[in-house]
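**Q** First, the structure itself, so that you have it in front of you.
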Amino acid sequence: MAGNWKMYKTVQQTIEFFQRFNPLVNGVHKCDVVIFPPFVNIPAAQCAAAGTEIKVGGQDVHWGKEGAYTGEISAGMLAAAGCEWVLVGHSERRLYGFETDADVLKKTQSSLEAGLTPVVCVGEKLEERKAGKTEQILVEQFAGGLAGLTEEQFSKVVIAYEPVWAIGTGHTATPDIAADAHRLIRSEVQKRFGSDAAEAVRILYGGSVKPDNVERLMLEQDLDGALVGGASLDAESFSKIVHAA
Ligand code: PGA
């Protein structure tokens, strides 16, 4: 269960979140719990989560090791800061950062080289769904962003299916729609990396996941977790989501 905080919370608000959140998820061992705060809050989040099983990750990463890339953060820097996880190819990065599938592949590779677990996001826009292009888009995003990995690399990747029309809109995908997309992604994995990889890969659903819809979504066999934006900002609401796992 992953919480993507996007551009929300200061250092102080980060500390306050964990003070409330830690005791609420104490004793949850059945799933990984990861928070993705803004970069500048990572050290505070690490500190505030110390002694718990909660992990902290970056919301984005550059593909290079180091260099003249003003404003960027490398995978090695995230790892050195104690992160084990990173988001790659979130639709907001694709939209505002003009990230392509080729960028997503490079970022995923650099994350893996640094020992991070990348959560690679895919998902169709509303107009693409309306035009009946969902399958085509997911196949393309998989082919461009993930199929270029080796089997060994792919075994360490987590995928997040996030239909863009469901993000921050309150319009969650129905469990059927989400499950269809997850099955499609899994079948692409099977074609490229084989049946064992298709069964093992964790595919999270993201897009308006809330405490009151998460349980139904998690009943779907092909949904292995959730990537949560808005509802991860509140300790009570995100702890309820974690418990639904
Ligand atoms: P949301 O965001 O839960 O606020 O819809 C999900 C995401 O963008 O990862």
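**Q** What are the residues in segment 156-188 that are charged (D, E, K, R) and not in a helix (DSSP H, G or I), if any? So that I can check it myself, show each step before the final result.
**A** Residues of segment 156-188 charged (D, E, K, R): 156, 162, 176, 180, 183, 186, 188.
Those that are charged (D, E, K, R) and not in a helix (DSSP H, G or I): K156, E162.
**Q** How many of the residues making up segment 1-16 are within 16 Å of the ligand (Cβ to nearest atom) and either aliphatic (A, V, I, L, M) or without any contact (Cβ under 8 Å) to a residue 60 or more places away in the chain (or both)? Break it down into steps so the answer makes sense when it comes.
**A** From segment 1-16, those within 16 Å of the ligand (Cβ to nearest atom) are 1-9; that's our starting set.
Still in the list and also either aliphatic (A, V, I, L, M) or without any contact (Cβ under 8 Å) to a residue 60 or more places away in the chain (or both): 1-2, 7.
Selection size over segment 1-16: 3.
**Q** Then there is this: Is segment 154-166 home to any residue that is modelled with pLDDT of 95 or more, within 22 Å of M1 (Cβ to Cβ) and of a type in the set (S, T, N, Q)?
**A** Scanning segment 154-166, I find at least one residue that is modelled with pLDDT of 95 or more, within 22 Å of M1 (Cβ to Cβ) and of a type in the set (S, T, N, Q), so the answer is yes.
**Q** Let me ask something additional. Considering P118, P38, which residue is within 15 Å of the chain's Cα centre (by Cα), touching a residue at least 12 places away in the same chain (Cβ under 8 Å) and more than 26 Å from V201 (Cβ to Cβ)? Explain how you work it out, then say what you get.
**A** Values: P118 fails: more than 26 Å from V201 (Cβ to Cβ).
The match here is P38.
**Q** Has segment 121-133 got at least one residue that is within 16 Å of the ligand (Cβ to nearest atom), crowded, with 18+ Cβ neighbours inside 10 Å, among the acidic types (D, E) and part of a helix (DSSP H, G or I)?
**A** Within segment 121-133, none of the residues are within 16 Å of the ligand (Cβ to nearest atom), crowded, with 18+ Cβ neighbours inside 10 Å, among the acidic types (D, E) and part of a helix (DSSP H, G or I).
**Q** I've got another one for you. Assigned to a loop (DSSP other than H, G, I, E, B) and in contact with a Ser or Thr (Cβ under 6 Å, 6 or more places away or on another chain) - does that describe any residue in segment 140-155? Give the steps one after another, and end with the answer.
**A** Taking segment 140-155 first, the residues assigned to a loop (DSSP other than H, G, I, E, B) are 146-150, 155.
Subset that is in contact with a Ser or Thr (Cβ under 6 Å, 6 or more places away or on another chain): none.
Scanning segment 140-155, I find no residue that is assigned to a loop (DSSP other than H, G, I, E, B) and in contact with a Ser or Thr (Cβ under 6 Å, 6 or more places away or on another chain), so the answer is no.
**Q** Determine, yes or no, whether I35 is within 21 Å of A244 (Cβ to Cβ), more than 16 Å from the ligand (Cβ to nearest atom) and buried (at least 21 other Cβ atoms within 10 Å of the Cβ).
**A** No; evaluated as a whole, the condition is false for this residue.
**Q** Which number in (1) within 16 Å of the ligand (Cβ to nearest atom); (2) polar (S, T, N, Q); (3) not in a helix (DSSP H, G or I) marks the one condition that S237 misses?
**A** The failed condition is (3).
The values are calculated or read from the model by the stated rules, or taken from the named source; none is laboratory data. Bear in mind that the values here come from a model prediction, so they are computed numbers and not experimental data. All Cβ positions, glycine included, derive from the backbone under ideal geometry; neighbour counts span all protein chains shown.
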